[in-house]
Amino acid sequence: MALLEVADLEARYGWTKVLHGIRFAVEDGGITTILGANGAGKTTTLRAVCGMVRTAGEIRFDGARIAGRATEDIVRLGIAHVPEGRGTFMQLTVEENLRLGAYARRATGAPARDLARIYDYFPVLGERRSQTAGSLSGGEQQMLAVGRALMLRPRLLLLDEPSLGLAPLVAREIFRIVRAINREERVSILLVEQNVATALDLADHAYLLETGRVVVSGPSAELRRDDAIRRSYLGY
Amino acid sequence: MEIFVQQVVSGLATGGIYGSVALALVMIYQATDVVNFAQGEMAMFSTYLAWSMLNAGVPYWAAFFATLAVAFVGGLAIERVVIRPVENAPVLTIVIVCIGLLVILNSVAGWLYSYIQKPFPSPFPAKPFKIGDIFFGAHDLGALGVTLLVLVVLYVFFRYTTLGLAMRAAAQNPVSSRLCGIRVGWMLALGWGFAALVGAVAGMMIAPIVFLDPNMMSGILIYAFASATLGGFTSPGGAVLGGLIVGVTENLVGTYVRFIGTELKLTVALAMILIVLLVRPSGLFGRVAVHRV
């Protein structure tokens, strides 16, 4: 069953229409990736799911319509978004950043256990828990962003270019953890990623966006064999 | 020497009051990036409410806390009704709205209560007490203690509670805060509520010294601006310390520099604003804003 179902999704910034009716789904427990060149509308798609841009069309999470609802309410349903640029609270400490991730489920919270789990995934964050987040390196801030999202104990994780600007080794580490989160905690993932080879390795389904339209879609294995994708995005 | 110590002590007392108004300014500035020019008038108006209650026979501390509650709700309401619609407007628009609010509150207070000065009671004993050769005004020390207490309470609230953390987060990074499920609009409104509450405390501590009238805060607001500028507009503790420094400096300069005396004291505050802005614009404890380009 699909956890997230999107149909006829349109989005615009002012007069500029960025998404022209796209359709995609994230299976419960699955990883879906959205591929495409710069400006294709990948980030906008994630922002649309979270109610951060004006949209038209259908967005269903766990069967319920969420299009048009406020971001704060969508987050409370268990959708965590690791935004473009990481969204770090630079002047707060690492631990405060993480605690904010659990804010939306304050009533049920046992943050001490959640913090321990995050420090388990990212030991470096544990070492730096009382430093201000602004003093972290880019890779550490990306780990912090993922950690903050996990503090929500989300059912769906939206990841916007988690490897952007990171050294290949750091990026590989982050993807290893993303895979672990998906397998061990059954968190479904919607991934936007510039590194197409990695994204196709990780995901079970993939959608290729071009100027706001889905041009190719299907299981990742099929897309990897697709000639157009191979030539344009994989480079062989 | 006795005169010197005496002046320092009374400087600390008035400085504490400047500090608490400065604290209110800093709170709103940190939460919303707005310098609230109406802060003084909000405090004055709250103090009149306390006066009405006291006049009706309500005991002092009951009136005190009831005033804090009303001020909090009032601050919240002002943000929701007056500031919210211009939230994303240019700074100048917001400044003009605040000044409009200042004028409105001032004239409404004048219309309701007249411009005649009224005495306002102090909760502390009237009799000064003596340690060594130095006299301490009980109200001065009490006011200073109340200011420090407010500072400690605010510090604990912002540092150790989830709501305080959420308010700091909302001020720093609204977009990310929404993604954490924080209702940013309400956090900003809460910031105004708390600032109004702190202002009300300051008003009720000042009124016994300067008497209650609709213009009682106009001079004090300038001292508060000097304090906040000196301490740094991004540092609550700095604002209070700035207030103490301003209070002591103005007293000492007024006492020892003949041509300044009591008439030119306010000029000292303005001169301090100017010097700080020229030499160290972020203040003593303020964070220097760094923008990545």
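The values are calculated or read from the model by the stated rules, or taken from the named source; none is laboratory data. Computed from a predicted model, the values in this text were never measured in an experiment. Note that we place each Cβ from the backbone using ideal geometry, even for glycine, and neighbour counts take in every protein chain shown.
Take A:V196 and decide whether it is farther than 20 Å from A:P154 by Cβ and either surrounded by fewer than 20 Cβ atoms within 10 Å (Cβ to Cβ) or under 16 Å from the mean Cα position of the chain (by Cα) (or both).
It is true that A:V196 is farther than 20 Å from A:P154 by Cβ and either surrounded by fewer than 20 Cβ atoms within 10 Å (Cβ to Cβ) or under 16 Å from the mean Cα position of the chain (by Cα) (or both).
So, of the residues in segment B:149-198 that are within 10 Å of chain A (Cβ to nearest Cβ) and outside any helix (DSSP H, G or I), which turns out to be surrounded by the most Cβ atoms within 10 Å (Cβ to Cβ)?
B:C180
Restricting to segment A:72-89, name every residue that is in contact with a strand residue (DSSP E or B) (Cβ under 7 Å, 6 or more places away or on another chain), closer than 21 Å to B:G185 by Cα and at the interface with another protein chain (Cβ under 9 Å from one of its Cβ atoms).
If the condition is that a residue be in contact with a strand residue (DSSP E or B) (Cβ under 7 Å, 6 or more places away or on another chain), closer than 21 Å to B:G185 by Cα and at the interface with another protein chain (Cβ under 9 Å from one of its Cβ atoms), then A:A80, A:H81, A:P83 are the ones that fit.
Looking at segment B:223-269, which of its residues are within 17 Å of the chain's Cα centre (by Cα), closer than 18 Å to B:P281 by Cα and among the aliphatic types (A, V, I, L, M)?
Across segment B:223-269, the qualifying residues are B:A224, B:A226, B:A228, B:L230, B:A239, B:V240, B:L241, B:I245, B:V246, B:A269.
Among A:R117, A:R65, A:R60, A:R113, which is the only one that is more than 8 Å from every other protein chain (Cβ to nearest Cβ), over 22 Å from A:I177 (Cβ atoms) and more than 19 Å from the chain's Cα centre (by Cα)?
A:R65
Among the numbered criteria (1) without any contact (Cβ under 8 Å) to a residue 12 or more places away in the chain; (2) closer than 30 Å to A:S130 by Cβ, which single criterion is violated by A:G63?
(2)
Anything in segment B:1-51 that is among the charged types (D, E, K, R) and at negative phi? List them, or say none.
B:E2, B:E41
Which of the residues belonging to segment B:240-293 are within 18 Å of B:V21 (Cα to Cα) and among the hydroxyl-bearing types (S, T, Y)?
Result: B:T249, single match.
Residues being under 16 Å from A:E96 (Cβ atoms), small (G, A, S) and under 22 Å from the mean Cα position of the chain (by Cα): count how many of those fall in segment A:120-137.
The number of residues fulfilling the criteria is 2.
Kindly list, by first and then second residue, each pair from a residue in segment A:212-228 that is closer than 14 Å to A:L200 by Cα to a residue that is among the hydroxyl-bearing types (S, T, Y), limited to pairs with Cβ atoms under 7 Å and residues at least 6 apart or on different chains.
A:S217/A:Y207
Strands (runs of 3 or more DSSP E) wholly in segment A:1-57 with at least 1 residues that are over 16 Å from the mean Cα position of the chain (by Cα) and more than 18 Å from A:V82 (Cβ to Cβ) - which ones?
Because the criterion is at least 1 residues that are over 16 Å from the mean Cα position of the chain (by Cα) and more than 18 Å from A:V82 (Cβ to Cβ), the strands (runs of 3 or more DSSP E) in segment A:1-57 that meet it are A:2-13, A:16-27.
Inside segment B:273-283, can you point out the residues that are within 17 Å of B:G243 (Cβ to Cβ) and modelled with pLDDT under 85?
Result: B:G283, single match.
Could you list, ordered by first residue, the pairs with Cβ atoms under 7 Å in which the first is in segment B:132-159 and farther than 12 Å from B:G19 by Cβ and the second is acidic (D, E) and part of a helix (DSSP H, G or I), at least 6 apart or interchain?
Filtered contacts from segment B:132-159: B:D133/B:E2; B:I134/B:E2.
Residues that are touching a Gly at 6+ places or on another chain (Cβ under 6 Å): which helices (runs of 4 or more DSSP H) entirely in segment A:155-236 hold 2 or more of them?
By residue number, no helices (runs of 4 or more DSSP H) qualify.
Would you check if there is a residue in segment A:42-51 being surrounded by fewer than 17 Cβ atoms within 10 Å (Cβ to Cβ), over 19 Å from A:G101 (Cβ atoms), modelled with pLDDT under 95 and more than 14 Å from chain B (Cβ to nearest Cβ)?
no
Is it fair to say A:T93 is among the polar types (S, T, N, Q) and away from chain B (no Cβ under 14 Å)?
no
Here are some conditions: (1) of a type outside the set (A, V, I, L, M); (2) within 17 Å of B:G16 (Cβ to Cβ); (3) touching a Gly at 6+ places or on another chain (Cβ under 6 Å). B:P214 meets all but one. Which one does it not meet?
Here B:P214 meets the rest and fails (2).
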